[in-house]
Amino acid sequence: MNPENYMGSKRRCCQKDGCNQDPLPAFVRNHTENGLRCPSCITAFTETCTATAEALCVGEETHCVAVSGLMRPAGDKFAVQGCGTKTACHSKPGTLVPSGARLFTINRTSCL
């Protein structure tokens, strides 16, 4: 897998009415390698993939993560493995991740 294949998002907790009116700042990825290497793969139409490469983790990506779910608008299955943050390890089933023209629904997440 190459460094261009990644998903990122920002979030913040809202504690009062109307506090979510302002847009979140843009996601900025730290490209500094941190020494962790993870098995990596990406596939469509299935909920599993077999790692065929190794990803070099960067910035706050301190865990090896496997994620699967559904890709919309078509509803196709997908699976990915690679580097992730501690937050990514705690993605719950049903989490929605927008990415360009697609919306990913996370069904399963595990950290290696």
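Some notes on this structure:
- Per-residue 3J(HN,Hα) values for segment 47-58, derived from phi via the Karplus relation 6.51 cos²θ - 1.76 cosθ + 1.60 with θ = phi - 60°, read 9, 9, 9, 9, 4, 10, 8, 10, 9, 8, 6, 10 Hz in sequence order (x marks Gly and Pro).
- Only aspartates and glutamates eight or more places from Lys86 in sequence, or on another chain, were considered; those with a Cα closer than 15 Å are Glu60, Glu61.
- For segment 14-90, the set of trypsin sites (Lys or Arg not before Pro) satisfying both a DSSP loop assignment and a count of at most 10 other C-beta atoms within 10 Å is given as Lys16.
- Cα shape, segment 33-111, gyration tensor, a/c 1.5 rule: prolate
- Computed from phi, the 3J(HN,Hα) profile of segment 78-93 under the Karplus parametrisation 6.51, -1.76, 1.60 (θ = phi - 60°) reads 8, 8, 9, 9, x, 7, x, 8, 4, 4, 4, 5, 9, 5, 8, x Hz, with x in place of Gly and Pro.
- Projected label distance in nm at Thr48 and Asn20, using a 7 Å step from Cα toward the beta-carbon: 3.6 nm
- Highest average packing first - 42-49, 58-65, Cβ atoms within 10 Å: 58-65, 42-49
Laboratory data are not the source of any read-out in this text; all were calculated from the coordinates shown. Predicted model, so just to flag it, every value in this text is computed and none were measured. When we count neighbours, we look across all protein chains shown, and the Cβ atoms used for this are built from the backbone with ideal geometry, even at glycine.
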